Amino acid sequence: MEIHKQKICIIGLGYIGLPAAAIFASNGYKVVGVEINNKVIDALEKGEVIIEEPYLKNIVQQEVISGNLIASKEPQEADAFIIAVPTPLTKDKNADMSFVKKATDSIVPYLKKGNIVILESTSPTGTVKNLIIPILKESGLKIGEELYVGYCPERVLPGQILFELVNNNRIIGGINRKSAEKIKDLYQTFVKGEIYLTDTTTAEMCKITENTYRDVNIAFANELAKICENSGIDIWEIIKLCNKHPRVNIHQPGPGVGGHCLAVDPWFIVKKNPDLARIIKLARETNDSMPQFIFDKIENILKNIKGVKKVTILGITYKANIDDTRESPVINLIKLLEKHNYKISVVDPYVKEFRYKVENVTEAAKDSDLILLTVNHKDFKELDFDTLAKKMRNKVILDTRNHFNKNILEIKGFKHYLLGKANE
Ligand code: SAJ
């Protein structure tokens, strides 16, 4: 059966569901995006999007006008259903699967023989087998024969989602071979990377392993940064030189790990394997310790200043050049500064509203004792250091990402501190 030009119902129009919906629509499918948030639906009906992601708005607009992409509050009958809802952490760091469960429940009344159901949400191992399949069985359809089911994790990097959706390799885990192949047919219409087939549990583990790999590597870089500070060595020089080795690729230290993936997914492994997942847990804790480490460094740098100290923070998103502040470690750092009565101003051209936000760096830095670079937004690469020098109370910069040019700062008379290098 030709699957192209068929109808797909995507449950959840967030950072993953919406770009996927747009790509499927632009490849000739009829796509119904199901969303509970009215703001998303209202925006989509006008061809607008509420998240900032390069090219997303254009393609959504185009597909809404063409009629290939529509928003709905309820699922509809379709050929394929894709579940792309959040799987956040509960307070005790377990996976909150309530959105996946609800989404699966919601499609059951619409399922027909020959349909495909795909989970895209990052989930603990066993989710398809133990959570989704029992619900889908309520449809009365024979799983793997009349209803094809699988897991197809997204692997896209925020900031380059549209490019990576098309070009990345993908893994598809099917509940049986037939399901995996059916799902492959669907994705193959736009994926230019390789598509590898496996079972659902392996695919689930692959997804969380990929993000855990990165989290552990960043923790290694952060631990090295602490060691270097303590030993009077410059971590950035170490990383630059070590990475000349053909089999070494040290990641970048920074104020911690944010976002909805790396700071979350490793817990899915830790909670299922509390006695075995020791490095993984320690890596999470190491990355979570970075705001405190940077706060202590600030305290040390400003220890001789009397009275209320003012810090200007450049960047509050969880990483550079995007508008997403979810799980941003900078927010935790701000909480520490607030607790210790610092005066704070914040500049972030990507974020519309935030307490302490000042539009312009030179205004924000007025009377500051320290500029703290937390996010390496491209907009911060070249600042008007002459004006900054005049506005600040103390000409001090702490760069947690090695973003600024050290020589320029020295010429302009700034005292320049780096994360991963001892204070002099
Ligand atoms: N970070 C560092 N040092 C580094 C790299 C990153 O401190 O060397 C920090 C960033 O500042 C940020 C956090 O880590 O706070 C995460 O940023 P990221 O760019 O590494 O990753 P995400 O969370 O935006 O996207 C990840 C990607 N996973 C991998 O690279 C293995 C992406 O491919 C996944 O699709 C995404 O998670 C997801 O949705 O799971």
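The values are calculated or read from the model by the stated rules, or taken from the named source; none is laboratory data. Given the structure is predicted, the values throughout are model-derived calculations rather than measurements. Cβ atoms come from the backbone with ideal geometry, glycine included; neighbour counts cover every protein chain shown.
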Members of segment 368-397 found to be touching a strand residue (DSSP E or B) at 6+ places or on another chain (Cβ under 6 Å) and away from the ligand (no atom under 16 Å from the Cβ), listed by number: Ser368, Asp369, Leu370, Ile371, Val396, Ile397
Identify all residues within segment 161-184 that are buried (at least 16 other Cβ atoms within 10 Å of the Cβ) and touching a residue at least 60 places away in the same chain (Cβ under 8 Å); write none if there are none. Ile161, Leu162, Leu165, Ser179, Lys182, Ile183
If you go through Leu302, Leu314, the only one that is buried (at least 22 other Cβ atoms within 10 Å of the Cβ), of a type in the set (A, V, I, L, M, F, W, C) and at pLDDT 95 or above is Leu314
Counting only residues in segment 44-69 that are out of contact with any strand residue (DSSP E or B) (no Cβ under 9 Å at 6 or more places or on another chain) and among the acidic types (Asp, Glu), the one farthest from Asp323 (Cα to Cα) is identified as Glu48
Within segment 400-409, is there a residue that is in a strand (DSSP E or B) and either within 23 Å of Glu237 (Cβ to Cβ) or in contact with a Cys (Cβ under 7 Å, 6 or more places away or on another chain) (or both)? no
What tally of residues in segment 261-286 results from selecting those that are farther than 20 Å from Leu419 by Cβ and near the ligand (Cβ under 7 Å from one of its atoms)? 2
Hey, does segment 323-336 have a residue that's of a type in the set (S, T, N, Q), farther than 22 Å from Asn287 by Cβ, buried (at least 17 other Cβ atoms within 10 Å of the Cβ) and more than 11 Å from the ligand (Cβ to nearest atom)? no
For segment 386-423, which positions are in contact with a Lys or Arg (Cβ under 9 Å, 6 or more places away or on another chain), more than 20 Å from Thr374 (Cα to Cα) and loosely packed, with under 14 Cβ neighbours inside 10 Å? Asp386, Gly413
Being modelled with pLDDT of 95 or more, more than 22 Å from Thr325 (Cα to Cα) and either of a type outside the set (Phe, Trp, Tyr) or touching a Phe, Trp or Tyr at 6+ places or on another chain (Cβ under 9 Å) (or both): is that true of His251 here? no
Check on Pro158, surrounded by 18 or more Cβ atoms within 10 Å (Cβ to Cβ), at pLDDT below 95 and out of contact with any Pro (no Cβ under 8 Å at 6 or more places or on another chain): yes
